[in-house]
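Report on the following structure.
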Amino acid sequence: MSADFSAARADFPALHQTVHRKPLIYLDNAATTHKPRVVIDALTRFYERDNSNVHRGLHALSMRATDSYEAARARAAAFLNAADPAEIIFTRGTTESVNLVAQSWCAQNLRPGDVVLATEMEHHSNLVPWQVAARRAGARLRFVPIAGDDAEHGLDLDALDRLLTPQVKLFAFTHISNTLGTINPAAELCARARKVGALTVVDAAQSAGHEPLDVRAMGCDFLAFSGHKMAGPTGIGVLYGRRALLDALDPWQTGGGIVANVTYEGATWKPSPERHEAGTPNIADAVALHAAMDYLDALGRPALAAHDHALAAQATAALADIPGLRIIGPRPGSPRAGLVSFALTDAHAHDVVTFADQDGIALRGGHHCNQPLMRKLGLPSTVRASFYLYNTEADITALATSLRRIQKFFGG
Amino acid sequence: MSDFDDLYRDVILDHAKRPRNRGRPPTANRAATGDNPTCGDNCTVHLRLGDDGRVAAIGFEGSGCAISQASASIMTTQAKGKSPAELEAAFGHLKDILASGKTPADFDELSAFAGVHAFPARVKCATLPWHTALEALKQPDQPAQMVEGQKS
């Protein structure tokens, strides 16, 4: 059963506007979600009342800012069921989190002949950093293939067993594909990697605001997500890492805030998390992210996940009936996160997005930062509709109606 | 007329659905490929520059939205018989139309792109085939190489 979050629509100011004189139907949530009033208020309140730098000042505002920032860290640890707030590094977002591991951990640990394993469904942000890190170390990058002509069977887990050799030092994979909607069995993938001694890096950009996450149950070593895809602000994200790993890592950026003792000749590092947050951090957005995590947990993440999955099922059913529409990713009836990618025989993705926009419907068209996957599927681009808690079945009906008109307009 | 109807005028839809000069002319002696990395549009233009210094044959391959496909089709119909300087001048004419959104008095098919003006993100869809054709003209005279991975 899908929970009813229609009352929560009132919490999101930006949803209540018209686009081309039509009520906005926002279906580009995998790119970024809208922000509830409580998050916007938390951001403003910080700048209006507590604004100060953290960790250095002894005055009242600095202490308030430090308390708020560290409370956000503790909240993020609780959000992920991490053992220790020191396992939470604030970053600009998923991309920066992945880059931290790719640059810092790989520089220290990756050797010629080692293998970094990724999957064929990775977003560029969980692919390009590994390409660069592997090249620098003289290591190889390999990929777990996807199965099925439309990637409908997800990752090829038989191939994974062959690929997970003792040479694999690190396995980076996405929890939920931003293009396919596939939900990968993260705990199983981590368990298999652990058997060969490989560390795991989980890209949780598409899952953090949608599914319950428990890093200890999942058994991952690192996990990355962005605030702005989960009702929080842009410019803030999290890298979770096991404490022992983070404390053994050299900082990837250096400067103030991370040092224990500095002479003209050298410096020693503070422990995690400070050593990985050089310079003044993004305090205000961390505080607003705290409000976003509270907001999502008040609604209940299991209920949010159920709502997403129900909308995805309704969407695949409504779209499957449209002639000439090819759905990519899990088949109807299979588990699918709250997004659907598709291609129309008679209309290019960008024409579809422009047409739907005239109906007030915000979609995404293109390669979704997934160029190698698109090439593999033989598609130049797809259209993606992605859902969040404020979307309804009526939004999907409007989408299907618009798509039928688009096929007719560009067809023949 | 809404912005949308103005963007997808009949001329554009006609060329997008029934593109002219699609494919590589057998006599082509130069080619170039262009793409818009952000949207995935790509375009390969094959052409033959005749001994008189004018485009004797031209065709295009590639994939993209209705605007880019129509623009490629219209570009090829306009390019035949033109010298490189004349083709460049025609592109200048198109760029004026895209920048102003105004339909010039001397109506030709390029005027159909006036509606793209209201959609700044789509301007590069309309210009891609022209950039590619001008690039092809700059290539040395030789049998055109098939571009790897290109799908029509």
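Bear in mind that the values in this text are calculations on the coordinates, not laboratory data. Since the model is a prediction, treat every value here as computed from it, not as a measurement. Don't worry about glycine lacking a Cβ; one is built from the backbone with ideal geometry, like all the others, and counts go over all protein chains shown.
Considering only A:241, A:209, A:57, the Gaussian network model of chain A with Cα springs below 10 Å gives its largest mean-square fluctuation to A:57.
Could you work out the percent of alpha carbon pairs in chain A separated by over 35 Å, rounded to a whole number? Could you put the intermediate results ahead of the total?
On the way: 25044 of 84666 pairs.
It works out to 30 percent of all Cα pairs.
Highest mean first, the peptides B:77-85, A:314-322, A:254-262, B:123-131 sorted by other C-beta atoms within 10 Å per residue fall in the order B:123-131, A:314-322, B:77-85, A:254-262.
Report the far tail of the P(r) of segment A:270-412, meaning the percent of Cα-Cα pairs longer than 21 Å. That tail contains 54 percent of the Cα-Cα pairs.
When A:183, B:74 are arranged by Cβ crowding within 10 Å, least crowded first, meaning fewest neighbours, the order is A:183, B:74.
Add -39500 (n - 2.57) for each DSSP H run of 4 or more in chain A, then divide by its residues: what number comes out at 222 nm, to the nearest 500 deg cm²/dmol? Don't skip to the end; give the middle numbers.
Working: 14 runs with 150 residues, N = 412.
-11000 deg cm²/dmol, from helical runs alone.
Taking θ as phi - 60° and the Karplus parameters 6.51, -1.76 and 1.60, the scalar couplings of segment A:216-229 work out to 6, 5, 5, x, 7, 8, 10, 8, 10, 8, 10, x, 6, 8 Hz in sequence order, x denoting glycine and proline.
Seen through its C-alpha gyration tensor, with square-root eigenvalues sorted a ≥ b ≥ c, segment A:72-211 comes out oblate because a/c lies at 1.5 or above while a/b is not bigger than b/c. Whole-Hz Karplus values for segment A:97-112 come out as 4, 5, 4, 4, 5, 4, 8, 7, 5, 5, 4, 7, 10, 7, 10, x Hz, taken residue by residue from phi with 6.51 cos²θ - 1.76 cosθ + 1.60 and θ = phi - 60°; glycine and proline positions read x.
Can you order the peptides A:121-132, A:281-292 by their average number of other Cβ atoms within 10 Å per residue, highest first? Please list the in-between numbers first.
Values: A:121-132: 20.9, A:281-292: 24.8.
The peptides rank, most packed first, as A:281-292, A:121-132.
Remark: segment A:189-296 is approximated by an ellipsoid whose semi-axes, taken from the C-alpha gyration tensor as √(5λ), come to 27, 22, 9 Å, largest first.
What does the helix-only formula give at 222 nm for chain B: each DSSP H stretch with n ≥ 4 adding -39500 (n - 2.57), the total divided by the residues, and the result rounded to the nearest 500 deg cm²/dmol?
Rounded to the nearest 500, the figure is -12500 deg cm²/dmol.
Distance distribution note for segment B:3-138: the fraction of Cα pairs above 18 angstrom is 49%.
Of all beta bridges that DSSP places with both ends in segment A:40-298, some 45 percent have antiparallel geometry. Set the Cα radius of gyration of segment B:45-102 against 2.2 N^0.38 Å, with N its number of residues, and you get 1.20.
Could you work out the mean count of beta carbons from other protein chains within 10 Å of each residue's beta carbon in B:121-127? Before the final figure, lay out the partial values.
On the way: counts 3, 3, 0, 0, 3, 0, 0.
Across B:121-127, the average partner-chain Cβ count within 10 Å equals 1.
Taking the Kirkwood radius as the inverse of the mean 1/r across Cα pairs, report the Rg/Rh of segment A:281-340. Kindly include the intermediate steps, with their values, before the conclusion.
Values: Rg = 16.6 Å, Rh = 13.7 Å.
Rg/Rh: 1.20.
Give me a single rounded figure for A:344-352: the average over its residues of other chain Cβ atoms within 10 Å of their Cβ.
On the way: counts 0, 0, 3, 3, 12, 4, 13, 12, 1.
Partner Cβ neighbours, averaged per residue: 5.
Dimensions of segment A:78-131 based on its C-alpha atoms, expressed as ranges along the principal axes with the largest first, amount to 37, 25, 18 Å. Excluding the sites themselves, what is the longest stretch of chain A that contains no trypsin sites (Lys or Arg not before Pro) in a DSSP loop with at most 11 other C-beta atoms within 10 Å? The segment A:57-412 is the longest one with no such site.
Distance from the C-alpha centroid of segment A:262-330 to that of segment A:38-57: 21 Å, rounded to the whole angstrom.
Distance from the alpha carbon centroid of segment A:196-246 to that of segment A:87-126 works out to 12 angstrom. Taking Cβ atoms as reference points and 14 Å as the exclusive limit, the residues near residue A:128 contribute a net charge of -1, counting Lys and Arg as +1 and Asp and Glu as -1.
Listed by Cβ neighbour count within 10 Å, with the fewest neighbours leading, A:397, B:38 appear as B:38, A:397.
How much net charge surrounds residue A:299 when only other residues with a Cβ under 15 Å from its Cβ are counted (Lys, Arg +1; Asp, Glu -1)? With Lys, Arg at +1 and Asp, Glu at -1, the net is -2. Seen through its C-alpha gyration tensor, with square-root eigenvalues sorted a ≥ b ≥ c, segment A:251-299 comes out prolate because a/c lies at 1.5 or above while a/b is bigger than b/c. Coupling constants for segment A:373-388 follow from the phi torsions by the Karplus curve (6.51 cos²θ - 1.76 cosθ + 1.60, θ = phi - 60°), and in residue order they are 5, 4, 4, 5, 7, x, 10, x, 6, 10, 9, 10, 10, 10, 10, 9 Hz; glycine and proline get x.
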